[in-house]
Amino acid sequence: MSEKITCDHCRLEFSKEVMIEDGSHYFCCNGCQGVFHLLLDEGFESFYEKIADTQLSPPTEQYEDSSNFNAPAFYDKFVKFNKDGFSEVSLIIEGIHCSACIWLNEKALHKMDGVIEANINFTNNKAYIVWADNVVKLSQIIDMIRAIGYNAYPYDASLQEAHANKVRKEYYLRMAVAIFATMNVMWIAVAQYAGFFSGMKQDVKTILNIAEGVLATPVLFYSGWIFFRGSYYGMKNRVVNMDLLVATGASLTYGYSLYITIMQRGEAYFDSVSMIITFVLVGKFLEVLSKKNAADTLDIIGKHLPSEVKVLEDEKIIQKKLEDVSIGNIVVVSSGEKVLLDGVILNGSGSFDESSLTGESEPIFKSVNDKVISGTTSIDADIYFTVTKDFAHSTLSNLVSLLESAISKKPKIEQLANRLSEYFSTIILLLSIVTFFVWWFWSHSFEESLMVAISVIIIACPCALGLATPVATLVGLDIGSKKGILFKEAAQLETIAQADILLVDKTGTLTVGKPEVIQEKNFLSYEKTLLYSLVKGSNHPIAKGVQNFLYQDDVEQSEVLFQEYIQIPAKGIRAKYNDKIILGGNLALLEEHGVSLNIDSTKSLFLFAVDGKIMTYFELEDSIKEGAAKLVKTLHKRRVPTIMLTGDNEKSAKSVADSVGIKELYHSLSPQEKFNYVEKLQQEGKKVVMVGDGVNDILALGAADIGIVMGSGSDISIEVGDVVLLNDSLNSLLAAFKISDTTFRLIKQNFAISLLYNGITIPLAMAGYVIPLIAALSMSFSSLLVVGNSIRIKYKWRRS
């Protein structure tokens, strides 16, 4: 017979053959080992002294083995690595009921070595976690979440509906029991109230109380179990949450009613017990549905995506998993199908719907050599295209990742609300105790004092305060995504709403970014192939304009090989060919190299010189974007002045500024000078929003409080930017300001609703004007009011 040994946590005996040895301690299972260390880490060593030899039940709930979260297959599907080399994952946390649950999970995770960031969104319980994989493993993070009473599984938009249905089913069953029992309790209560006025013997009253008690018991302990469970884990981790308020109020009422029934004297309140649990449970269920409705639209982008695409291989079309398609593969898309990867059309043409990305409702016609973007839909196009980005780095995948990240990043005002919620429930419990003793001293009635104290506990609602910000920001992000505006963090909505100054680049921001040559002035004959090769190597709009002009002029497109090729930001290109210095750019570049020319022009200039001699120059004009003047005028009324920062010459810059109504501009600026100007404004206490699209804007975009990038801009500027305008429209830029203003105003309204509700109802409850039944109704109503107010704006925007 094997030797028996006692577990250091649960005190149960078990076979030594299956023991888990941890230093000088022995455990029967991983659950006991985890709870033991958690209690020690939280300073609860005295717990084991207090229980002495009492035997405990070891953790019984069986979860999927957490080591599965470390599997390479799991990492390939759900884990990403950021630019700093840290791991990122989105998880759904089960068991969250209120903002205190959010606080507890975030606090527990932040205490773990190696966890860099842990943000949980209250609207959908989605956790965004960043950690150093060489310090802590994902399985350990999952174990911590489970140890404090919650569970976690990977976020997958396609599986969310199944998990949501599971939650709804649990609520349905608990609500069905609660509503059935409460309806029958109310029939008995009607008889009791009738007897109260007409007279009723105590023995009859006791029988009715017993009947009510029998019906109220499953309501409290089955339907109300979620509140007891939340209370247990909250108290275990020294957190007073909303669940504790509901469970305490209902339990005290039940216990008092039980005492009255047994002693056969006074009035029992089993009907209040049933109604408190039922109304709060129904309110929580409606809140879950409302939060899901607010979050669903952001999941649509990642939902219902086919897992496979059609690929042309060896002259045969085969089905291939998205993750297995690599750069250079040829993908086949038929009319009506969604484009799931980025690429360039090889064969075919037709119209594409890009509204899901850019908000632009008009179909876009595309043909051979045009780019196709993942996330768009083929309306009538049957095409073959070459893949330029794998799925992990595609526009669609990046969009989904950025939206997930945005939802997780909390604005400062939400962090303030969460800090208030931490102490709210504790204060309410203290107020209820004070209220009980004051009423007992004044009325000398235990029953009356208890009912008033219970009303105080029930009517207070920390959830309304916790929901004030996350639901509103989720609605703002949703509206933005539908209009082609991608906020990388929810916090940016708050920052834009408080902006003092808007700085804008000229080319590609205020203008279309596709300058066209309107005049060419030749001084000396030159090799046009040399000039064509020079401008072809640059992505600057001016260079592209000259390239297109030469292409239309039937210049031979064979390229020359330069000995040296350097792009100089905000100035142009310097190259060397056959030991000759080749210059192409603006006047500043040529003057820097000792070449001067007096040109009086309000247009953008591109000069071409070889070995100090000017060969030719081009005047280019760029059309101003639709909505530029409206943007400047509207923001001016909002007291946000618009200032132009450009590397272009003074006359060209002033011409555009005058056309759109900009009063202040700075021209001929280098990237460093733009950066310095942003820093100067910030030192003056200004909140700065910078809008640009090119490499020369990177420094300023990174330095600004908010960097907004045009979707057609360079990859690196999009990486640096905080907000991306996918459709390049200035109307979207104006919409970004309006959405931010609306969202921030909405948050303040929700705060006002929550604080006003608690400021009015709690004193009324303390004064004895609110019975527990009305308190339960009011508590649920306040949360629904905050959620409803947020969603109201969503439908208002949809109508407009």
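The values are calculated or read from the model by the stated rules, or taken from the named source; none is laboratory data. On a predicted model such as this, the values are computed, not experimentally measured, just so you know. Backbone-built Cβ (ideal geometry, glycine too); neighbour counts: all protein chains shown. Side chains included, ligands, DNA and RNA excluded: accessible areas come from the protein's heavy atoms. Shrake-Rupley method; radii C 1.70, N 1.55, O 1.52, S 1.80 Å.
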Residue 183/residue 225 FRET efficiency (R0 22 Å; Cβ-Cβ; nearest 0.05): 0.65
Using a 1.4 Å probe, what is the accessible area per residue for the stretch 473-593, in Å²? 44 Å²
Stretch residue 755-residue 598 to full length: gain in nm at 0.36 nm per residue minus the Cα-Cα span? 49.8 nm
Area accessible to solvent at residue 489, 1.4 Å probe radius, in Å²: 60 Å²
Set 483/571; 482/625; 320/366; 371/633, cut-off 23 Å on Cα-Cα distance; pairs above it are 483/571; 320/366; 371/633
Expected field for residue 265, accessible surface area in Å² at 1.4 Å probe radius, rounded to 10, holds 130 Å²
Rounded to 0.05, the calculated FRET efficiency for the beta carbons of residue 442 and residue 263 at R₀ = 30 Å is 0.80
Under 16 Å by backbone N from the virtual spin label 7 Å along Cα-to-Cβ at residue 668, the residues of the stretch 597-621 are 597-607
Work through the residues other than residue 137 whose Cβ is under 12 Å from its Cβ and net out their charges, Lys, Arg +1 and Asp, Glu -1. -3
Between residue 139 and residue 638, with labels modelled 7 Å along Cα→Cβ, what's the label distance in nm to one decimal, could you check? 5.1 nm
Long-range amide H partners of residue 116 with built H, under 5 Å: 130, 131, 132
What nm value, rounded to one decimal, do you get for the distance between residue 113 and residue 684 when each label is placed 7 Å out toward the C-beta? 4.9 nm
Checking the a/c ratio against 1.5 first, then a/b against b/c, what shape does the Cα gyration tensor give for the stretch 556-689? prolate
Under a 1.4 angstrom probe, counting protein chains only, how are 538, 67, 443 ranked by accessible area, largest first? 67, 443, 538
For 270, 562, 441, the accessible-area ranking with a 1.4 Å probe, largest leading, is 441, 562, 270
Given the pairs 521/576; 126/488; 126/687; 536/613; 738/794; 488/748, which are separated by over 25 angstrom at their Cα positions? 126/687
Spin-label point model (7 Å from Cα, Cβ direction): what's the residue 317 to residue 578 distance in nm? 5.2 nm
The stretch 469-611 shape via C-alpha gyration tensor axes, a/c threshold 1.5: prolate
Difference of contour (0.36 nm per residue) and Cα-Cα distance, residue 153 to residue 524: 126.5 nm
Tell me, what is the FRET efficiency for residue 659 and residue 334 to the nearest 0.05, using R0 = 45 angstrom and their Cβ-Cβ distance as r? 0.50
Does anything in the stretch 738-757 have its amide N under 12 Å from the 7 Å Cα→Cβ label point of residue 500, and if so which residues? none
In what sequence, largest accessible area first, do 439, 187, 103 appear using a 1.4 Å probe? 187, 103, 439
Tell me whether the stretch 603-671 comes out rounded, prolate or oblate; compute the Cα gyration tensor, take square roots of the eigenvalues as a ≥ b ≥ c, and use a/c under 1.5 as the rounded threshold. prolate
Per-residue accessible area for residue 377 at 1.4 Å probe radius, Å² rounded to 10? 40 Å²
